[in-house]
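The values are calculated or read from the model by the stated rules, or taken from the named source; none is laboratory data. All values derive from a computational prediction rather than experimental measurement. Cβ: placed from backbone, ideal geometry, glycine included. Neighbour counts: every protein chain shown. Just so you know, the surface numbers come from the protein's heavy atoms only, side chains and all, with ligands and any DNA or RNA stripped out. Shrake-Rupley method; radii C 1.70, N 1.55, O 1.52, S 1.80 Å.
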Amino acid sequence: MELTIEQQLSAISHEAIRAKSKNEIQQLANELLQKMTLTEKIGQLFQLAPPEANVEGLKWEHSESNASAQLISAGKVGSILSVVDSSTIFKLQKLAVENSRLGIPLFFAADMIHGCRTGFPINLAMACSFDPELIEKSCQQIAYEIAHTGLNLTFSPMVDLVRDPRWGRVMESNGEDPYLNSQLAAAYVRGYQQGDFSANYSVAACCKHFAAYGAIEGGREYNTVDMSERELRQHYLPGYKACADAGVASFMTSFNIYDGVPATANKFLLRDILRNEWQYQGFAISDYTSSYEMLDHKTAKDEEDVALQCILAGLDHEMVSTSYLNHLENLVNAGKVSLDLINEAVLRMLQFKFQIGLFDNPYKHIYANPEQYMRNSETLELAHQVALESVVLLKNSHDLLPLSKQGKKIALIGPFANSNQVVGAWGSLAKDAECVSLLTGISSLVGADALLCTAGCAINDQDRSGFAEALELAKQADVVILAFGEDQNMSGEAKSRAYLNIPGVQNELALAIKALNKPMVSIIFSGRPLELGWYAEHSDALLQAWFLGNESGNALASLLFGDANPSAKLAMSFPYTVGQIPVYYNQYKTGRPSPTGDYSLFRSCFIDVPNYPLFPFGFGLSYSNFEYKNLKISEKTLVAAQQLIVSVELCNTGVVAGTEVVQLYIECANFSVVRPLRELKAFRRVFLEKNSCKIVEFTLTQQDLAYYNIDMKFTPENRNYVIYVGGSSQATLNANFSYSGEG
Ligand code: BGC
């Protein structure tokens, strides 16, 4: 009698797999390669998104007439995209292992970018924690969940540097700074992969989108990227390089062009930089049909040309589109593509599969009842901790926050007051229904008695019929909390916005409530920096909540009532208005700087808005009060390979303990090319009890001063530098030193 799927899944062994050495893996892959036909080789270069699996809750039935099943059985598929249900994964894998001639297992990949079943804050929010350790730990837990779904690889981290909040995908990023981006990129990779691909609890990562996707013009999705090689190398590449250095399993190309060439077939990016300069050994996959899009870019004349250009450029694995599947064989037979080139790509794919242990156990991540491994208390606690560290306190006049738990009537108003729609875009398997709303979070902390709650309006329509009730509740309250923002579906892929306002009639409602003159706290939910000028001026306290995932309401309640103290800092500047964009802290120096950043005739500025943002990178308040003093540097001149020790005294003069993100920036006084006004070089989260001080030390080396100079050499040059240390990119405490390359 045939076993049921459940029984088959229960019978899968999850014995530990022995990690193999690089040599062993190469040898195994080489031996297998010898046995493969050209068709089978090309099959390994294709990632299929089975149409049957992508509809109706990912149902997939095994039938001979099924095209995907035929392809898999014929050994023409290397991996599967976005099937996230273990029994479907099992069926597909069984087909590959039992029906295809060589039984080469498939690998399974999907986007689990800020959590798997447990919803963590969106990535831009996590970046505001400036806490690589916590992100690494979180990714370990996320990997644990993913490793029980049947998946082998997650398409994360996205390390595209971003400077334009109109782009919906800034929510997936680590923000605008290359150094922070690199630190977090490596943390993601370490967390997912845990230095052992073959482990039962780790997953392979994919660094995306290579390269410079974050720089699309006007923030318009899938648009053009055009920048100098210096800019690319200096600011955009470090995040990807950090992934490569951390041993990321794979790279994904981007939808954009670089220097006129689509990234998917960009030899300069894929061969010259990734393979030759960085000596990267993992595989490169295209983005969803990005290879085909060369037909629309008009750089390929037909599908065969697409395949030719991609393989020549060094693309190993094609996602969804089928130019390799349909044309590589002919190209080889016609002598236009060498077998060596095919073998090179196939070997990378086989090595990956050996590395992650699929040949030892093709079903290694598949479990009968995956749900029991999900949302365990440790993971939820981490999601809670990350949420606490993600919320940025932007204003707190007269210490309105934290609110007292007793004696005050609170009106909680806005479309996010009682909403659990806060998983954020790319929510993977996390469910809105499992997110704690603000109302639930506050009620469970301080009880429901003191709370009055209504939406007042929807996020994005013109209906004002709820205003009257909202105003009535606000009148009865001692404090009003507004929970406003943009819908979670207004950010993410293909969600570019030209306006960065809080949508619908929310601003009108805010105005009407403000007229009541009550103490007002505004909490903003969004996937990107929005224009918050009015809220910054008219709220007594302002919190940027992003989308925090499962623990949203609990974390916000803890922060509002002082059980936790905000510590997050903005990973991306908040503009006054769209017209300022791009506005980011590490902009280049100009020949006619405005002395204050405000209007000044014949200076580089606007007549109607300042140069600086509403809230700069690195900014964020705390309920503690941090003071910086006694900035010291160990040497007046940093000589060649020596170190410079920078120390500063940080004091918490406030009434509660708290954590400050101490940031160190440098400014180069002059250089052979124009450098940014400031560059972040180090940061550290420092916890301080009230009324206490600590000396915080940083070590700088010549590497921290280096920059791509006029000859495109990454070098510090013999120059003068200024160091700024403080709690934001506008820190003023400074010291000078010079660098001398002569040792
Ligand atoms: C996105 C990628 C994603 C892929 C697979 C694409 O549309 O750009 O980031 O990994 O889809 O889901």
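Residue 15 contributes an accessible area of around 140 Å² to the protein surface, as traced by a 1.4 Å probe with all chains present. Centre-to-centre separation between the Cα atoms of the range 217-290 and those of the range 417-449: 37 Å. Evaluated with a Cβ-only charge set (Lys, Arg +1; Asp, Glu -1), the chain carries a dipole of roughly 1320 debye about its Cα centre, given to the nearest 20. Of the peptides 484-493, 441-450, 597-606, the order by per-residue mean of other Cβ atoms within 10 Å, starting with the highest, comes out as 484-493, 441-450, 597-606. Report summary: the helix-based calculation at 222 nm, which adds -39500 (n - 2.57) for every DSSP H run with n ≥ 4 and divides by the residues of the chain, gives -7500 deg cm²/dmol.
Reported to the nearest whole Å, the Cα centre-to-centre distance from the range 179-207 to the range 1-55 is 22.
Spacing of the modelled spin labels on residue 371 and residue 14, each 7 Å from Cα toward Cβ, amounts to 1.7 nm. Cysteines of the chain lacking any other cysteine Cβ under 4.7 Å from their own Cβ: 116, 128, 139, 206, 310, 435, 453, 457, 605, 668. Only Lys, Arg, Asp and Glu carry charge here, each on its Cβ (+1 for the first two, -1 for the last two); on that basis the range 344-482 has a dipole of about 120 debye about its Cα centre.
Per residue, the chain exposes an accessible area of 37 Å² to a 1.4 Å probe, with every protein chain left in place. Summing Lys and Arg as +1 and Asp and Glu as -1 over all other residues whose Cβ lies under 9 Å from the Cβ of residue 215 gives a net charge of -4. With contacts taken as Cα pairs under 8 Å and at least 6 residues apart, the range 525-631 reaches a relative contact order of 29 percent. Helix 339-355 and the longest principal axis of the C-alpha atoms of the chain enclose an angle of approximately 60°. Enumerate by residue number the trypsin sites (Lys or Arg not before Pro) in the range 192-236 meeting two conditions: DSSP loop (anything except H, G, I, E, B), and at most 16 other Cβ atoms within 10 Å of the site's Cβ. Sites meeting the loop and neighbour criteria: 220. The dipole here belongs to the range 559-703: it is taken about the Cα centre, uses +1 on the Cβ of Lys and Arg and -1 on the Cβ of Asp and Glu, and is about 340 debye. A cut-off under 9 angstrom between Cβ atoms defines the neighbours of residue 39, and their net charge, with Lys, Arg +1 and Asp, Glu -1, is 0.
When you restrict to C-alpha pairs under 8 Å that are six or more residues apart and normalise by the size of the range 54-208, the relative contact order lands at 22 percent.
Computed from label points 7 Å out along Cα-Cβ, the spacing between residue 499 and residue 629 is 5.0 nm.
Surface calculation, 1.4 Å probe, protein heavy atoms: residue 537 sits at approximately 130 Å² accessible.
For the pair residue 278 and residue 642, a Förster radius of 25 Å applied to the C-beta separation gives a FRET efficiency near 0.35, rounded to the nearest 0.05.
Projecting the Cα atoms of 597, 527, 187 onto the charge dipole of the chain, computed from C-beta unit charges around the Cα centre, puts 597 farthest toward the positive end.
Once the Cβ-Cβ distance of residue 699 and residue 670 is raised to the sixth power relative to R0 = 25 Å, the FRET efficiency obtained is 0.55.
Summing charges over neighbours of residue 525, with a neighbour being any other residue whose Cβ is under 10 Å away from its Cβ, gives -2 when K and R count +1 and D and E count -1. Amide hydrogen proximity for residue 682: with H placed 1.01 Å from N in the peptide plane, the residues at 5 or more positions away or on another chain lying under 5 Å are 664. Just to be sure I understand the curve: with the Debye formula and one point per C-alpha of the chain, what is log10 I(q)/I(0) at q = 0.08, 0.10 Å⁻¹? Each listed q maps to, in turn, -0.67, -1.03. Please state the shape class of the range 675-732: rounded when a/c is under 1.5, otherwise prolate if a/b exceeds b/c and oblate if not, all from the C-alpha gyration tensor. Verdict is prolate for the range 675-732.
Across the range 581-715, C-alpha contacts under 8 Å between residues 6 or more apart give a mean separation that, scaled by the residue count, equals a relative contact order of 24 percent. Per-residue 3J(HN,Hα) values for the range 313-329, derived from phi via the Karplus relation 6.51 cos²θ - 1.76 cosθ + 1.60 with θ = phi - 60°, read 6, x, 7, 8, 9, 9, 8, 6, 6, 10, 5, 5, 4, 8, 10, 4, 4 Hz in sequence order (x marks Gly and Pro). So, in Å, what gap is there between the alpha-carbon centers of the range 478-505 and the range 557-612? First find each Cα centre; the distance between them is then 20 Å. A Förster radius of 22 Å, combined with the Cβ-Cβ distance separating residue 74 from residue 338, puts the computed FRET efficiency at roughly 0.35.
When peptides 633-642, 315-324 are sorted by average Cβ neighbour count within 10 Å, with the highest value leading, the order is 315-324, 633-642. A dipole drawn for the range 599-674 from +1 and -1 charges on Cβ atoms has a positive end, and of 637, 617, 665 the residue lying farthest that way is 637. Helix 467-476 and the longest principal axis of the C-alpha atoms of the chain enclose an angle of approximately 50°. Sorting the segments 150-159, 680-689, 705-714 by their mean number of nearby beta carbons within 10 angstrom, highest to lowest, gives 150-159, 680-689, 705-714.
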